[in-house]
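See below for the structure under consideration.
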Amino acid sequence: MRNRKIAHIFATNWLHKIIKVRRDIFQAIADPTRRAIISLIALQAMTPNAIAENFKISRQAVSKHLKVLSECEMLSQNQQGREIYYGLEINKMKEIDDWLKEFRDIWETRFNQLDDLLLTLKK
């Protein structure tokens, strides 16, 4: 049984190295810390250390969040000397807006129908 578990762990790690798993935009915004990082770098490009100063988590934890955001293609990297500045890829945010637009349209239609009903009842 133990050998099977070890073989499974080995095979899983091996597959993850071979197959690059593409993350999507919704994985980037699923975590509150990543959403906060997005909000920070939306205002200006920042270094990882500057980003980490805004959180009560380790620099390594911030790096892991930056890695996920990079894998989701949410960040641009600009090297200036020895520093890397992370900026926000605004075009990726459009994917979220496009997805939400469908729901926004549904709710606007429902609210318009409710307005019509209320006007009818009022008369």
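The values are calculated or read from the model by the stated rules, or taken from the named source; none is laboratory data. The shown structure was predicted, so the numbers you read here are calculated from the model rather than taken from an experiment. FYI the Cβ positions are ideal-geometry reconstructions off the backbone, even for glycines, and counts take in every protein chain you see.
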Requested in this report: May I ask you to list the residues in the stretch 65-83 that are more than 22 Å from Leu43 (Cβ to Cβ) and assigned to a helix (DSSP H, G or I)?
Outcome: Glu71
Query raised in the report: Name the residues in the stretch 55-64 that are surrounded by fewer than 16 Cβ atoms within 10 Å (Cβ to Cβ) and outside any loop (DSSP other than H, G, I, E, B), would you?
Result: Arg59, Gln60, Ala61, Ser63, Lys64
Query raised in the report: In the stretch 31-53, what residues are outside any helix (DSSP H, G or I) and either in contact with a Gly (Cβ under 6 Å, 6 or more places away or on another chain) or surrounded by 13 or more Cβ atoms within 10 Å (Cβ to Cβ) (or both)?
Result: Asp31, Ala45, Met46, Thr47
Report task. Can you run down the residue pairs with Cβ atoms below 6 Å, 6 or more apart or on separate chains, where the first is in the stretch 36-58 and within 9 Å of Gly87 (Cα to Cα) and free of Cβ contacts under 8 Å to residues at least 60 places away in the same chain and the partner is acidic (Asp, Glu) and surrounded by 17 or more Cβ atoms within 10 Å (Cβ to Cβ)? Result -> none
Query raised in the report: Mind checking whether some residue in the stretch 84-106 is among the hydrophobic types (A, V, I, L, M, F, W, C) and assigned to a strand (DSSP E or B)?
Result: yes
Query raised in the report: When Asn13 is evaluated against the numbered criteria (1) at pLDDT below 95; (2) in contact with a strand residue (DSSP E or B) (Cβ under 6 Å, 6 or more places away or on another chain), which criterion, by number, is the only one it fails?
Result: (2)
Report task. Those residues that are exposed (fewer than 11 other Cβ atoms within 10 Å of the Cβ) and not β-branched (Val, Ile, Thr), I need them from the stretch 80-94; list them, please. Result -> Gln80, Gly81, Arg82, Asn91
Report task. Select, from Asp105, Asp97, the only residue that is surrounded by 10 or more Cβ atoms within 10 Å (Cβ to Cβ) and either at pLDDT 95 or above or of a type in the set (D, E, K, R) (or both). Result -> Asp105
